[in-house]
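A quick write-up on the structure given underneath.
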Amino acid sequence: MQSASDIISSLLWFKDDGYQEEENNAQIIEQFVQNVEDFSSQYGSEISVSYTAFNLRGPPSNFPDYGDYPQAFVMRTYGKWWDEAPSVQEDYMPQNSRAIPSQDYVEVSFERSVYPLEVAIFETYNPGALVRIWALGTGAWFLLWEGEPEYAGDKPRIFSPPIKQINFPTRVLRLEFNHRLLPYYTELDAVLLRGKEPANESKMKNNFAYSTLFYKKTQPQPQNGLLNKVMASNLHEKVVPPMLVSQKELPFDTGPPLGDFQRLPDETILTIMRYLDMQSLNRCAQVNRHFNRLALDSILYRCIDLRPYWHCVRSQVLSILATRCKFLQKLDLSWCGSHCMIQSHYVTKFLKQNCSELTHLRMNCCEFVDNSVLISIVDSCAYLQELCLRSVIGCSDWIYLSVLKHLRRLDLYRTDIGTTAAVAVVRANPHLRHVNVGSCKMISSMDEVAIALGANCPNLISVDFWKSYSLTAVGIRALGNCKMLQELDVGWCLQAGSSGEWLSCLAGTELRKLFLGALRGVCDRDLRALIPRTPNLAQLDLLGVRAVTPDICTYILARCQELRLLDVSFCDQILESQVNEWRLQYPHVSIKRSFQSANLSAPPSPMFLAPSLE
C-alpha cells in the first residue's frame, strides 16, 4: 500500500488548456461543505463529534491517509448484515423499489450557489457506496449522477463521477448510498463542489484552488454522451409526474388498440397491475379511459411506498392519492417532504380521510412530522401495528403515542422522545416485538424503558439501545424476561460497560445478534457464561471490548456453528496474525478488524479514549 507521502506527491494537478481558460474567466470556484442540513443515520452520537455527519464540513481532515478515523462521517450499517438480522424490515411495495436502491443519505450545503461542473467525494475508508448525487433548485431536485454501488478497494480515493449539467445554480447537494457490497463501514472525509458562479454573483474572497492539493489531471470530466446514458431512468422521462393522473385529465375515450388484452376481465387485469410500480400504474392510467379506471382502482393502493419518489412528491400528490386510497393498509412516506415540499396539514388531512384501516406507517426522516401529525396518527390510525419515525426531530407531544394499543414495531431512532412518553408507549403496547430507541438523547433513564419492556413485552424479538448513555446493567437484566429476544444492540451504552456480568441474564433468550461495541468491562468470563446457551448466535460485535482475549474468540468460533459475523476491531489483546488464522480456519465467518494507517499525527480513535470524552 502507498504511504501517505507517496500519495501526496502523486496528487499534483496539471491543468490542461481548457481548464486554464475557465480559471482565467474568474468565475469558477471550488467550495467545501459549509453545513450539513440533514442525514438518515450516523455512527456517531448527538453529543459527540466522532464519526458524525458534521465532520463533512470544511476541507479534508485525513485524506490522503486511509483508515478508520473519528474525524470522518460514518453511517450505521454496511454489507448485508442488517438485512439478515431479526429486525429486518420488508418493503411495503417491493415492485416499487428502484433498480439501485438507496439505504442512507446526507444533505450538504455550500456558501455560494453555482452551476455545478464537478462534485468530488473524498473517501478515506472502504469507498464505493455512493449511488446518487442530487442538486436542489427552486423547490425541486435534479439528479446529477447515478451509478451502481461497488467496493473500490482498500485505498483512499477522490470520487468525481461525470455529472449532468443543469441550467440553474445550486448550493445544496444530496448524496445517496448503498452499502451492500462493502466489507466494513465506509468513511467520508469531505465533499467539494466546483462550479461556475452566476453572472450577478460577486466573486468569492480569498478563493483558494483546493484542487491543486488533491487532484490529478486524469480526473474524469463531464461527458454528455455518458451522462445521457446514465440519466435514462423512469423518473426522468417526459411523462406526467407519478401519481398525478386523474380521469378528469383524460379527454379521450379511446386509446391505442389493446388487441386480445381488451378481452380480459377486469379482475385479471387488476391482478396483473398489482405487480406494477407507481410509475407504471401512472402510465397505464394514460392509455385510455378503460385502463384509467382500472389503474386508479383502490384495490391497487392498499400498500403505497413513496420513498423512491421523495425528490418529486409534493403536498398535492397526497390530495390526489386520497381519491384512491379507500383500503390503504401500509404507507411509506420516508425521506419525503424536504424543504417544505410537503406541508403538515396535507398529511393530517390525508391521515384523517384515508387511514382508518392503516396498520403500517413509516415516516422516517420527514420534516413535516410535527405535533399535529403525531396527534393525527393517533386519532386516525387506531389499529397501527408498525410505526417508524426515525430521525424525526421537532416534536414534543410524544406522549400521544401511548394511546396506540396494537403496536408490534416501534422505531424512534434519533427522535426527541423523553423517558415518560417512551415508558408509557411501551406499557400501552404489550405486543411489541421490535423496538429501536437508539440515540434518543432526551431519554434520561433508559433503564426505565428497558424495565418496562422486560415487564410488559414477553414477545420482544429485537431492541436497539445504540448509544443510550443512561442504560445500565439494571435495565439490561430486565430483558432476561423476554425469552424470545433474538437481537440486542447495546453498543456504546457506556454506563453498562463497567462490567459484563449481566450477560448471564440473557442466557435463556434466543439471541442471534448481539452488539457490545465499546463495552470495555466485558471480559472472557462474561462471554463464557453466555455462549453455551446461545447456540444460534449469528452476529457478534466486540468492537473496542479491550478485555477479550484470543482464547474466548477461539472458543466462540468453535462453539457457535451459526456464527457468520464477528467484529474484533480495537480489541487490544487480539493481533492481526491471529485474525488471519481464524479467517483461514473459519472461512464461513466474516471476521472484521478495523484498520488505521500508521500516521502518528492523526489523533487516536475514540475506541482508545476515556468514556467521558465520547
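The values are calculated or read from the model by the stated rules, or taken from the named source; none is laboratory data. Keep in mind that this is a model prediction, so the values were computed, not measured. Here the Cβ is made from the backbone with ideal geometry for all residues, glycine too, and neighbour counts use every protein chain on show. Areas reflect the complete protein model, heavy atoms only, side chains present, ligands, DNA and RNA absent. Shrake-Rupley method; radii C 1.70, N 1.55, O 1.52, S 1.80 Å.
Looking for whichever is modelled with pLDDT of 95 or more, among the aliphatic types (A, V, I, L, M) and over 30 Å from residue 544 (Cβ atoms) here; the options are 29, 8. Which one fits? First the steps, then the outcome.
Working: 8 fails: modelled with pLDDT of 95 or more.
After applying the criteria, what remains is 29.
Has the stretch 172-179 got at least one residue that is part of a loop (DSSP other than H, G, I, E, B), at pLDDT below 95 and either out of contact with any Lys or Arg (no Cβ under 6 Å at 6 or more places or on another chain) or acidic (Asp, Glu) (or both)? No.
All of (1) assigned to a helix (DSSP H, G or I); (2) acidic (Asp, Glu); (3) under 22 Å from residue 37 (Cα atoms) hold for residue 367 with one exception: (1).
Say whether the condition of being open to solvent by 40 Å² or more (accessible area, probe 1.4 Å), of a type outside the set (A, V, I, L, M) and closer than 29 Å to residue 435 by Cβ is met by at least one residue in the stretch 319-327. Please lay out each step first, then the result.
In the first step, residues of the stretch 319-327 are kept if they are open to solvent by 40 Å² or more (accessible area, probe 1.4 Å); the result is 319-320, 323, 326-327.
Retained after the next criterion (residues that are of a type outside the set (A, V, I, L, M)): 319, 323, 326-327.
Restricting the remaining residues to those that are closer than 29 Å to residue 435 by Cβ gives 327.
Checked against the condition, which is being open to solvent by 40 Å² or more (accessible area, probe 1.4 Å), of a type outside the set (A, V, I, L, M) and closer than 29 Å to residue 435 by Cβ, the stretch 319-327 yields at least one hit.
Taken together, the residues in the stretch 295-344 that are in a loop (DSSP other than H, G, I, E, B) and either within 17 Å of residue 367 (Cα to Cα) or among the aromatic types (Phe, Trp, Tyr) (or both) amount to 15.
In this structure, residue 46 does not satisfy being at pLDDT below 95 and either outside any loop (DSSP other than H, G, I, E, B) or open to solvent by less than 20 Å² (accessible area, probe 1.4 Å) (or both).
Output the residues belonging to the stretch 499-512 that are assigned to a loop (DSSP other than H, G, I, E, B) and closer than 17 Å to residue 539 by Cβ. Give the steps one after another, and end with the answer.
Going residue by residue through the stretch 499-512, those that are assigned to a loop (DSSP other than H, G, I, E, B) are 499-500, 507-512.
509, 510, 511, 512 - these are the residues of the stretch 499-512 that are assigned to a loop (DSSP other than H, G, I, E, B) and closer than 17 Å to residue 539 by Cβ.
For the stretch 153-165, enumerate the residues that are at pLDDT below 95 and open to solvent by less than 40 Å² (accessible area, probe 1.4 Å). The one that is at pLDDT below 95 and open to solvent by less than 40 Å² (accessible area, probe 1.4 Å): 153.
On inspection, residue 276 qualifies as open to solvent by 10 Å² or more (accessible area, probe 1.4 Å) and in contact with a helix residue (DSSP H, G or I) (Cβ under 7 Å, 6 or more places away or on another chain).
Scanning the stretch 279-294 for residues that are more than 28 Å from residue 132 (Cβ to Cβ), open to solvent by 10 Å² or more (accessible area, probe 1.4 Å) and part of a helix (DSSP H, G or I) turns up 289, 290, 291, 293.
The residue that is nearest to residue 391 (Cα to Cα), among those in the stretch 49-72 that are polar (S, T, N, Q) and under 19 Å from the mean Cα position of the chain (by Cα), is 52.
Residues that are of a type in the set (Ser, Thr, Tyr) and more than 17 Å from residue 85 (Cα to Cα) within the stretch 435-477 comprise 439, 444, 445, 468, 469, 470, 472, listed in sequence order.
Looking across the stretch 95-148, just one residue is surrounded by fewer than 19 Cβ atoms within 10 Å (Cβ to Cβ) and in contact with a Leu (Cβ under 7 Å, 6 or more places away or on another chain), and that is 95. Among the conditions (1) over 18 Å from residue 401 (Cα atoms); (2) part of a loop (DSSP other than H, G, I, E, B); (3) more than 23 Å from the chain's Cα centre (by Cα), the only one that residue 357 does not satisfy is (1).
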